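S.K.: Please find one structure pasted underneath; my questions will follow.
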Amino acid sequence: MENEMTGTEKAAVLLITLGPEKSATIFKHLKEEEIEELTLEIANTRSVSSQVKEEVLAEFYQVCLAQQYIAEGGISYAKELLEKALGEDAAQGVISRLTASLQVKPFEFVRKTDPSQLLNFIQDEHPQTIAMILSYLSPTQASMILGALTPDKQADVSRRIATMDRTSPDVIKEVERVLERKLASLVNQDYTVVGGVDSIVAILNAVDRGTEKHIMESLEIEDPELADEIRKKMFVFEDILLLDDRAIQRVLRDVDNNDLALALKSSNEEVKSAVFRNLSKRLAAMIEEDMEYMGPVRMKDVEEAQQKIVGIIRKLEDAGEIVISRGGGDEIIV
């Protein structure tokens with residue numbers, strides 16, 4: 001059971017097990033986003049069995065022990081001592097988890113480089129090289145660079161990011177070496193899965209609407225299936241929170257009430273609140289009543305209803321009737 005848990009879930013269980021006082025002390029040494037993530041995970045953790053608590057505590061102890069041994073004599077020394085204490089397989093697992101957490105992501109030095117400066121170094125590189133580098137950057141950095149590329153390269157690089165899977169460590173090392181020489185920075189190699197549809201979606205959500213439309217139109221010609229997969233993930237139903245009240249009201253005028261009740265069935269309170277405050281009291285009460293008496297519904301039906309509404313939102317945005325506040329320099333036309 002414990003092996004199936006994510007790192008965040010394990011950390012939450014550990015803090016729950018340690019109690020509020022010790023957890024509060026640990027929180028003082030964490031970043032704000034880490035505290036928020038752990039707080040949310042703890043809040044969503046309803047119950048933890050004693051067995052899971054013991055397994056998480058045991059792993060935590062083993063990792064602490066390994067860190068102590070590494071500090072005393074390095075990884076080889078730590079592995080030797082852990083094998084004697086835990087056995088070869090368990091020791092290897094602890095060392096693997098610990099060394100993975102100590103690695104530095106590829107192109108870490110690039111994250112501290114101004115995007116405009118980085119653009120000067122990579123804009124003439126092969127699109128595949130640019131795609132690989134952008135995959136390791138934050139969506140904000142990557143969107144700025146993607147938006148500054150020539151139109152023909154924008155779509156090509158986007159496609160390559162979306163279809164990228166695993167990148168050879170040797171290739172990563174070579175690209176890093178070249179950039180290291182250009183930027184005079186120190187870097188470390190890592191084995192990481194990069195790119196993919198989620199990666200390009202995050203980047204496209206941050207670029208301006210004009211760049212996004214050009215890229216998507218080009219992808220629809222070159223790879224319609226990929227373009228459709230990207231488009232479905234670019235704006236999900238919960239992103240209705242990115243719309244202002246006037247835009248939400250415009251969207252709701254075109255939405256079937258039955259679809260709206262079904263779409264809201266699994267939504268969080270923030271989304272429901274945003275929708276209901278833009279309905280008349282009578283209609284809001286009617287929708288709430290429909291949801292209450294609807295009973296159990298299939299998730300597939302909910303997702304289909306949400307996708308219908310997302311389609312309406314995208315159609316209204318394309319027609320210029322609403323603006324999605326996605327950042328990236330969108331112009332608002334009154």
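S.K.: Please work out how much length the chain gains when fully extended from ASN257 to GLU21, using 0.36 nm per residue of separation minus the C-alpha to C-alpha distance, in nm with one decimal.
M.R.: Length difference between fully extended and current span is 80.0 nm.
S.K.: Beyond 32 Å between alpha-carbons counts as too far, so tell me which of LYS28/LYS300; LYS281/LYS315; LYS213/LYS300; LYS10/LYS315; LYS265/LYS315 fall in that bin.
M.R.: Over 32 Å Cα-Cα: LYS28/LYS300; LYS10/LYS315.
S.K.: Can you tell me how region 215-334 classifies by the Cα gyration tensor, rounded, prolate or oblate, using a/c under 1.5 as the rounded cut?
M.R.: oblate
S.K.: In region 235-265, which residues have a backbone nitrogen under 12 Å from the label point lying 7 Å from LYS213's Cα in the Cα-to-Cβ direction?
M.R.: Backbone N within reach: none found.
S.K.: Turning to a different aspect of this structure: Grab the Cα-Cα distance for GLU321 and LYS31, subtract it from 0.36 nm times how many residues apart they are, and report the gain in nm with one decimal.
M.R.: Using 0.36 nm per residue and subtracting the Cα-Cα distance, I get 100.4 nm.
S.K.: I need the peptides 251-260, 48-57, 212-221 ranked by packing, meaning the mean over residues of other C-beta atoms within 10 angstrom, with the highest value on top.
M.R.: 212-221, 251-260, 48-57
S.K.: Students sometimes get this wrong: rank VAL157, VAL323 by accessible area, probe 1.4 Å, all chains present, largest first.
M.R.: Of VAL157, VAL323, the descending order of accessible area is VAL323, VAL157.
S.K.: Quote to one decimal, in nm, the extra length available between GLU54 and ASP170 on full extension: 0.36 nm per residue of separation minus the C-alpha distance between them.
M.R.: Value of the extension gain: 37.7 nm.
The values are calculated or read from the model by the stated rules, or taken from the named source; none is laboratory data. Treat the numbers as computed from the prediction; the structure is a model and nothing was measured. Every residue, glycine among them, receives a Cβ derived from its backbone with ideal geometry; neighbour counts consider all protein chains shown. For the accessible areas, the whole protein counts, side chains as well, though only heavy atoms, and no ligand, DNA or RNA atoms are used. Shrake-Rupley method; radii C 1.70, N 1.55, O 1.52, S 1.80 Å.
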